[in-house]
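Shown next, in structure tokens, is the structure this report addresses.
Taken together, the values in this text are just the output of simple stated rules run on the coordinates, not laboratory data. Fair warning: this is a prediction, and the values are worked out from it, not measured in the lab. Please note: Cβ atoms are built from the backbone with ideal geometry, for glycine as well, and neighbour counts cover all protein chains shown.
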Amino acid sequence: MSDKPIDRRAISRRDLLKTAGAAGAAALIPGAAGAKEAPASVADTAAVRAGPAAAAAAPAGPLMNLTAAETELLSAMVDRLIPSDDMGPGALEAGALRYIDRALSEAESDSVEAYRIGLAALDRYARYSRGAPFLELSDEDKDSVLIDVQLGGATGAGVGFVGSSGAFFNMVKSHTWQGVFGDPMYGGNIDFIGWDLIGYPGARMRVSEQDQRELEAGQLPPARRSAYDYGQFQLIRGEED
Amino acid sequence: MPRQLRSADVVVVGLGAAGGVSVQPLAEAGLDVVGLEAGTWLDRRDFAPDEIRNNYRDWPMLVKKTFNERMTSRATEEQSANRIGGHPMMNAVGGTTLHYWAQSWRLNPWDFRVVSETRRRYGAGRLPAGSTVEDWPFGYEELEPYYDRVEREIGVSGQAGNVRGDIDRRGNRFEGPRQRAYPMRPLRWTAYLERMADAARSLGWHAFPGPAAINSEAYQGRPGCGYHGFCSSGGCPLDAKNSPHLTTIPRALETGNLRVVPRAHVTTIEVDSSGRTTGVNYVTGNEEFFQPARVVLIAGYTYENVRLLLLSKSRAYPEGLANNHGQVGRHYLSHHQGAGVGALLPYDTGAWYGLPAQGVAVDDFADDNFDHSGLDFIGGGNLWAMSDRRPISAASMGTYGRGRNWGSAWKRFIRENVDRTHSFYIQKTTLPYEDNYLDLDPQYTDELGLPVIRITAQYKDNERAIAAYMQDRAEEWYRELGALEITRGGLGNTMGASTHAYGGTRMGDDPETNVVDRWGFAHEAPNLGVLGASVMGTSGARNPTLTVQALAWRTAQHLVDAWRDIAE
């Protein structure tokens, strides 16, 4: 049994076109240089395996869909949502950024602008309200800024959130949770960090009555497999259009 | 001009829960049947246990017809209608039964006789003001043989509570009499579900396992359920969920009398000058076809059936097919399933590998199973406690006022409590009202430029009173279970789009108030049949699909039996 998710990510023709389009667009944006080799450089599995400290120290490289500066901001925000602490690794180690970046090339491609605008507004709000860029704030101040953003308190003319700041917060939180607690096939939940955090014993095809009793006794060992490690499942098929 | 195809005896529009069942009796009787399906064939290789795909990336809408025709919704005519973001009804061979929860209930006898039973027991004054509810044109006993047939043909597991009048305490004592037991034992219970059943019994209630179109053991050459936990919006990788695409459709194909045409998006139904249907127009890719048939059966979802009729305007039917009495779109209702109740418990529930159809039901407060003399409503709700949990949604749980839902403190909270929540799914009697209806939206269209459905509907006092009463019962149950915290949802206002949508082509003897007759054929166009929950005039307090399938079988069987009268 593998202890590492095998990336059998299936890419449809349409996804390839979309990815090519997004990468092409990113290449035109200053600061997005190096987009082509980006996927491997983001929250790289090897760096993560070297431990949370190494992962945190590793610069968050440019993503396919965001500039280096945007990536730094997003990284700092995601790090506060599920931090690495004495309870174990957090969202960054779990690959949430890699998940979000891939999602922005595919299913969530309509959200790229919302990230751009929202991250800029987050930083602007930090400067206006706390007198410093978000990245330079202490963890406590970052959290208090994020609470304002979550509750809609950062909404207002001049800050730049589209609609309520809470909508931006909820979008990032939702994608982060997908990246941490979703199937590793999508680039997140590295080493099953998310599933281990909540004690989910993993994707299985069959759960016998004996398995259920072990689960109830807290003795069911984690499967540590992606759904796509079971070999039965083919490509994600979307409508051709 | 659309390309004209060879004529068929019967064209069935949509091969989901209803159409997918109807093709078996039709094809087995030797009729030449064409099944047009907007979606495609999918199989167990497509059904990965993948929460991101199933529950966050709209996998059910992978064929875009449902998405492109998503409805608009408003509570009342005074409001402007907003377009909904998406809808989980699926276009595929087998339809939404590929990913549904598969609870397969029979309606209770009261649901067929709401008007006469309410009058008899409480007086006519107890019927809610403004409701257009009627008795069904027949009672439970008429549908019983078809329930029985479908339970065996597709495979339903469950515990009988009333076999020919003999009450079995392990099952639902309130169910109508059935001619025999289910073909399979019920799905298993977990330790937590046993605890819930014990708590219900200590309150004096009758707890029993619910019925499911899911194999509890090997059946018809397919295996029993794997309890893997991805049944909600997910297909079954073991073929243990008994969709028509595994059961009735293959059997119809084996006769050689059914042709399945996938990716066929039906746009309109054609009629001749006398008002009889002559066939349907459909689009596949960029090509247009006309499929002639002697009988047309429409078997889309409620919104699709109503829309197809309203879009099929002609000299004979200027306001839409079979709508010369203005009844298409009327008597609409969305099942009241909201107003939920949730709890935080002081112990783990072991729910990671359950499924929504695996659970404990209490029917003591459904339908007219209890005395309503001192109450201000009729009907009630079915309490359903299921075992179902997946990691992303579980980690997104509310914190019951115990701190914010992110950060280091949250990590501690979620590690302790992620498997300690439970929520009730309470399906409630919902009635049709004179000002709740479906029509064509004046503004929004699909990708072909055809208007989408507009829902104008809201819950009324009767539904809200049931909701409040059932929330009290749910809270009692959670208190008995030792809940630490209990939350209650709002009682309901706008009906909105639903996966339990009924009416719009209601079945009844009176053509002034009903679109189809007691057999499911249009009063105005006798060779047009309608299959699906759009013919149902009451919801009951439980899932509609088995009733939809029993009705579909019955309509198809009637067509076979009365072929000459209907087709010629």
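What the table below lists for this structure:
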| read-out | value |
| --- | --- |
| Residues in segment B:230-261 that a label on B:W41 would reach, taking backbone N under 17 Å of a point 7 Å out along Cα→Cβ | B:239, B:243-261 |
| Unit charges on C-beta of K, R, D, E only; dipole of the protein assembly as shown, Debye | 740 debye |
| For B:R6, B:R330, B:R518, order by how many other beta-carbon atoms lie within 10 Å, fewest first | B:R6, B:R518, B:R330 |
| Relative contact order %, segment B:128-209, counting alpha carbon pairs below 8 Å whose residues are six or more apart | 26 percent |
| Value of [θ]222 nm, deg cm²/dmol, for chain B, DSSP H segments ≥ 4, -39500 (n - 2.57) each, nearest 500 | -6500 deg cm²/dmol |
| Spread of Cα-to-Cα distances over 5 Å intervals beginning at zero, given as percent, for segment A:66-200 | 2, 11, 21, 23, 19, 14, 7, 2, 0 |
| Per-pair calculated FRET efficiency, R0 = 25 Å: B:E142 and B:D371 via Cβ, rounded to 0.05 | 0.35 |
| Estimated inter-spin distance, A:S174 and B:R3, nm [label 7 Å along Cα→Cβ] | 4.2 nm |
| Exposure proxy order (Cβ contacts within 10 Å, fewest to most) of A:S75, B:S22 | A:S75, B:S22 |
| Mean Cα-pair separation over length for segment A:66-200, i.e. relative contact order, pairs under 8 Å, 6 or more apart, % | 31 percent |
| In degrees, nearest ten, helix B:545-561 long axis to first principal axis of chain B (Cα) | 30 degrees |
| Inter-chain shielding of A:73-84 (mean C-beta neighbours from other protein chains, 10 Å cut-off) | 2 |
| Inter-probe distance in nm under a simple model that places probes 7 Å from Cα toward Cβ, at A:Q234 and B:D510 | 5.3 nm |
| Beta bridges per DSSP with both ends in chain B, % antiparallel, nearest 5 | 65 percent |
| Fraction of beta bridges assigned by DSSP in the protein assembly as shown that are antiparallel (%, nearest 5) | 70 percent |
| Near-label residues of segment B:285-325 by backbone N, under 13 Å of a point 7 Å along Cα→Cβ of B:D272 | B:293-295 |
| 0 to 90° range, to nearest 10: angle between helix B:302-311 axis and chain B longest Cα axis | 30 degrees |
| Order of B:C225, B:C231 - criterion: other Cβ atoms within 10 Å of each residue's Cβ, fewest first | B:C225, B:C231 |
| Rounded FRET efficiency, nearest 0.05, which uses the C-beta distance separating B:R152 from B:Y122 and R0 of 41 Å | 0.65 |
| Simple label model, 7 Å out from Cα along Cβ direction - B:D472 to B:A562, nm | 4.6 nm |
| The protein assembly as shown: mean projected area of Cα convex hull, nm² | 34.1 nm² |
| Model label zone, B:N82; criterion: amide N under 20 Å from point 7 Å along Cα-to-beta-carbon; scope segment B:454-495 | B:454-460, B:489-495 |
| FRET efficiency estimate (nearest 0.05) - Cβ-Cβ, B:R201 to A:S164, R0 60 angstrom | 0.80 |
| Charge dipole magnitude, Cβ of K and R +1, D and E -1 - segment B:101-260, Cα centre, debye nearest 20 | 280 debye |
| Hydrodynamic radius by Kirkwood, which averages 1/r over all alpha carbon pairs of segment B:3-567, in angstrom | 23.9 Å |
| Close Lys-Lys pairs in the protein assembly as shown, where close means Cα under 27 Å and separation is 8 or more or interchain | 17 |
| Stretchable slack from A:M87 to A:R213, in nm (0.36 nm times residue separation minus alpha-carbon distance) | 42.7 nm |
| Segment B:3-567: relative contact order as a whole-number percent, Cα under 8 Å and 6+ apart | 23 percent |
| Per-residue mean of C-beta atoms belonging to partner chains within 10 Å, peptide A:177-185 | 6 |
